[in-house]
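Remarks on the structure that follows.
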Amino acid sequence: MKALILINELAPDAKPDELDVLDQAQIVEETLHEIGYETARVFMGLNLEKARTEIRSINPDVAFNLFEGIKGNADLIHLGSALLKSMKIPYAGCSVDSIFITANKVLTKKMLRTYGIPTADWFMPDKMHQLNSAKKYILKPLLEDASVGISAKGIINGYHKDIVDGFQQQFGLNFFAEEFIDGREFNISVTSTPNGPRMLPPAEMQFIDFPPDKPKIMDYTAKWLEDTFEYENTSRTFEMASEDKKLIEQIEAIVLKCWEVFELRGYARVDFRVDGNGNPFVLEVNANPCITEGSGFHAATQQAGIPFTEAMKNIMNDLNL
């Protein structure tokens with residue numbers, strides 16, 4: 001059986017978060033070979049007819065969608081799955097609708113609120129004058145993933161015009177302010193199985209030796225810039241204290257609800273912040289999260305004792321048709 005691996009074209013000056021898709025393509029390709037697939041890669045840009053012609057020449061039976069946008073612009077992240085759907089090629093991972101919705105952080109938050117799932121309050125640019133000076137907020141891009149645009153500089157007490165204006169210069173009106181949950185950070189990955197979604201072991205992010213005045217967040221530096229304090233002093237643990245049992249059960253119930261509400265499939269990850277009173281809030285719902293070695297999803301499969309070949313088989317057995 002022949003599998004197409006659909007990847008987004010990369011700019012010559014692509015940043016580390018963009019180049020990561022090549023590492024994902026490598027592990028997907030190697031694992032698909034191990035479970036009996038032939039593979040071929042197509043790099044897709046805005047020329048959809050060119051991509052369509054290349055895909056037709058390969059004539060794949062199925063596809064694995066790793067398309068992440070156009071040259072660092074994530075607002076077209078759904079384009080890959082949309083093309084595969086239009087060509088009637090069964091593809092692995094989340095559907096075009098799930099990708100479109102979860103790529104937009106505020107649209108995601110609106111759906112979370114609609115279904116009674118806890119998420120922090122937010123304000124769009126035209127409402128930022130309403131920010132409470134007694135509270136902390138974090139400025140976030142509306143459409144970027146992989147912590148692009150996330151930094152400690154974007155954490156503000158109330159409305160700071162100069163900082164907000166700087167964000168607007170970079171992202172236009174495609175950003176928002178989210179009430180900052182000063183607490184712990186967790187994530188849980190989920191994968192399809194023949195018996196429905198399986199939650200993988202919960203992970204907590206640890207911020208080691210962070211000074212008291214340094215925000216404990218997974219910002220761009222912590223995720224991507226090696227040889228920095230943030231990168232070197234941020235780690236993941238799967239060891240959960242017994243007193244966290246009720247919290248983890250609560251988080252797991254929320255993850256399952258997110259899987260259903262956003263109609264996720266294949267593989268996904270939900271990120272949380274937990275406040276000082278032990279209340280969890282959904283930060284993001286990640287359709288088709290990173291699956292390279294060292295990523296949250298890959299580490300969770302290892303922690304669960306699931307060979308990556310088995311995880312890949314399950315993903316490939318839950319295709320969008």
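Note the full-extension length gain between K15 and A152 as 0.36 nm times their separation in residues minus their Cα-Cα distance, in nm to one decimal.
47.4 nm
R0 = 45 Å: FRET efficiency of Y115 with Q303, Cβ-based, nearest 0.05?
0.95
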Check: Based on the alpha-carbon gyration tensor of the stretch 13-168, what equivalent-ellipsoid semi-axes (square roots of 5 times the eigenvalues) come out, in whole Å, largest first?
Finding: 37, 17, 14
Notebook entry, point to check: In debye, nearest 20: dipole of the chain around its Cα centre with unit charges on the Cβ of K, R (+) and D, E (-)?
Noted result: 1000 debye
Note to self: Give me the extension gain from I27 to K246: residue separation times 0.36 nm, minus the current Cα-Cα distance, reported in nm with one decimal.
What the structure shows: 75.3 nm
Check: Using +1 on the beta carbon of Lys and Arg, -1 on that of Asp and Glu, and nothing else charged, what's the dipole of the stretch 53-195 about the Cα centre, debye to 20?
Finding: 200 debye
Notebook entry, point to check: Stokes-Einstein at 10 °C, 1.306 mPa s, Kirkwood radius from Cα pairs: D for the stretch 1-82 in µm² s⁻¹?
Noted result: 123 µm²/s
Notebook entry, point to check: About its Cα centre, what dipole magnitude does the stretch 2-92 give when the only charges are +1 on Lys and Arg Cβ and -1 on Asp and Glu Cβ, stated in debye to the nearest 20?
Noted result: 520 debye
Notebook entry, point to check: Taking the stretch 122-177 as the region of interest, what is the percent of Cα-Cα pairs per 5 angstrom bin, listed from the shortest bin to the one with the maximum distance?
Noted result: 4, 21, 36, 25, 10, 2
Next item on the list: Amide H neighbours of L283 under 5 Å, at least 5 residues apart or on other chains, H built in the peptide plane: list them.
Entry: D271, F272, R273
Check: Taking 0.36 nm per residue of separation and subtracting the Cα-Cα distance, what length does fully extending L107 through K214 add?
Finding: 35.6 nm
Margin query: Charges on Cβ only, +1 for Lys and Arg, -1 for Asp and Glu, centred on the Cα centroid of the chain; of N59, P289, M205, which one is farthest towards the dipole's positive end?
Written below: N59
Next item on the list: Would you please give the residues with an amide H less than 5 Å from that of G266, counting only those at least 5 places away or on a separate chain, with H modeled from the backbone geometry?
Entry: S192
Notebook entry, point to check: Going by how many other beta carbons lie within 10 Å of each one, how would you line up R41, R184, R265, R56, fewest first?
Noted result: R56, R41, R184, R265
Next item on the list: Give a residue-ordered list of calculated ³J(HN,Hα) values for the stretch 287-293 (Karplus: 6.51 cos²θ - 1.76 cosθ + 1.60, θ = phi - 60°; whole Hz; x for Gly, Pro).
Entry: 7, 6, x, 4, 10, 5, 4
Check: Hey, of [x] 21.3; [y] 22.6; [z] 20.4, which did the structure itself give for Kirkwood radius over Cα pairs in Å when calculated?
Finding: [z]
Notebook entry, point to check: Quick one: S98, S235, fewest Cβ neighbours within 10 Å first, how do they rank?
Noted result: S235, S98
Next item on the list: Could you let me know the centre-to-centre spacing of the stretch 26-50 and the stretch 63-82, using Cα atoms, in angstrom?
Entry: 14 Å
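All of the numbers you see were taken from the coordinates with simple rules; none came from a lab. Being a predicted model, the structure only gives us computed values, none of them experimental. Don't worry about glycine lacking a Cβ; one is built from the backbone with ideal geometry, like all the others, and counts go over all protein chains shown.
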